[in-house]
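The values are calculated or read from the model by the stated rules, or taken from the named source; none is laboratory data. The structure displayed is predicted, hence computed values, not measured ones. Cβ coordinates were reconstructed from backbone atoms using ideal geometry, including for glycine residues, and neighbour counts include every protein chain displayed.
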Amino acid sequence: MPDGDAVWRGGGDRAQDRAAVKHVVILISGRGSNMEAIVRAAQTERWEQTLGARIAAVIANRVDAAGLAEAEALGVPTRVLDHRDFASRSTFDAALRDLIDEYAPTLVVLAGFMRILGDAFVAHYAQRMINIHPSLLPSFPGLHTHRQALAAGVKLHGATVHFVTPALDHGPIIAQAAVEVRDADDEAQLSARVLAEEHRIYPRAVRWFLEDALCIEDGVVKHRDRSAQAVIA
Ligand code: GRF
């Protein structure tokens, strides 16, 4: 669907959404603190009752991803698909797609998922896959964003939730949170303050999607009720 068409996202036109429950699948590779923030929001805000939405599964590409135990403790089914078992990126992508699609997801959430996904995979989940990146995009795509921010001397840094497009750390921006960079900050301190804001904006962005509250118009995401898509900590 072209970006130019304004469509309130949430998948209201998809067959699986005519089912009683909208399924969310979360992909992780490690700690899983953003996944935990989303699952806790879903439970605290009773998304199943209020939005008809359920966190259907947490999938990791590493068996040692710490977040798997946390997801299980929170009562969310977990699966592991180890990328090292696949000879190529495309065969891993295809197996991951099949695994995710067992849950007929309305939304796929990348939460610290440290694999680059191929164009075909991204196209399969066009406008129904989102990511969080620890910088104020388009500044500092890629790795070591807090180090990059300190080296650049920026005075504001933060995090971005965006729709996933084939270009890495790119795509229509759903929400951003900014924190002040302090003179005394080191990478760990700055990262901790940004992470606290990630935990605020990511569950909120997921909920907006599930509420059909987001519209992409010419590559720009707007919230139906003009809810604040910017947080200044
Ligand atoms: C977060 O900083 C996220 O922005 C980035 O990877 C980190 C994952 O942390 N994509 P966690 O696994 O959610 O704790």
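Every residue, every condition in (1) farther than 26 Å from residue 39 by Cα; (2) among the aliphatic types (A, V, I, L, M), yes or no:
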position: 131; (1), (2): no, no
position: 140; (1), (2): yes, no
position: 173; (1), (2): no, yes
position: 177; (1), (2): no, yes
position: 181; (1), (2): yes, yes
position: 194; (1), (2): no, yes
position: 200; (1), (2): no, no
position: 211; (1), (2): no, no
Would it be correct to say that residue 116 is within 12 Å of the ligand (Cβ to nearest atom) and either aliphatic (A, V, I, L, M) or at pLDDT below 95 (or both)?
no
Any hit, the stretch 93-111, residues being within 29 Å of residue 228 (Cβ to Cβ) and assigned to a loop (DSSP other than H, G, I, E, B):
yes
Scan (1) under 22 Å from residue 114 (Cα atoms); (2) among the hydrophobic types (A, V, I, L, M, F, W, C); (3) at pLDDT below 95 for the single condition residue 228 breaks and write down its number.
(1)
Name every residue in the stretch 20-68 that is charged (D, E, K, R) and assigned to a strand (DSSP E or B), in order of residue number.
22, 54
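Just to be sure before I move on: is residue 36 surrounded by fewer than 14 Cβ atoms within 10 Å (Cβ to Cβ) and within 16 Å of the ligand (Cβ to nearest atom) in the structure I sent? Break it down stepwise before answering.
Working: surrounded by fewer than 14 Cβ atoms within 10 Å (Cβ to Cβ): no; within 16 Å of the ligand (Cβ to nearest atom): yes.
Taking the combined requirement at face value, the residue does not satisfy it.
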On the basis of being more than 12 Å from the ligand (Cβ to nearest atom) and free of Cβ contacts under 8 Å to residues at least 60 places away in the same chain, does residue 164 make the cut?
no
Please state which one of 107, 68, 74 is in contact with a Phe, Trp or Tyr (Cβ under 6 Å, 6 or more places away or on another chain), closer than 22 Å to residue 42 by Cβ and in contact (Cβ under 8 Å) with a residue 24 or more places away in the chain.
107
For the stretch 142-168, which residues satisfy the criterion of being in contact with a helix residue (DSSP H, G or I) (Cβ under 9 Å, 6 or more places away or on another chain), assigned to a loop (DSSP other than H, G, I, E, B) and of a type outside the set (A, V, I, L, M, F, W, C)?
142, 144, 165, 166
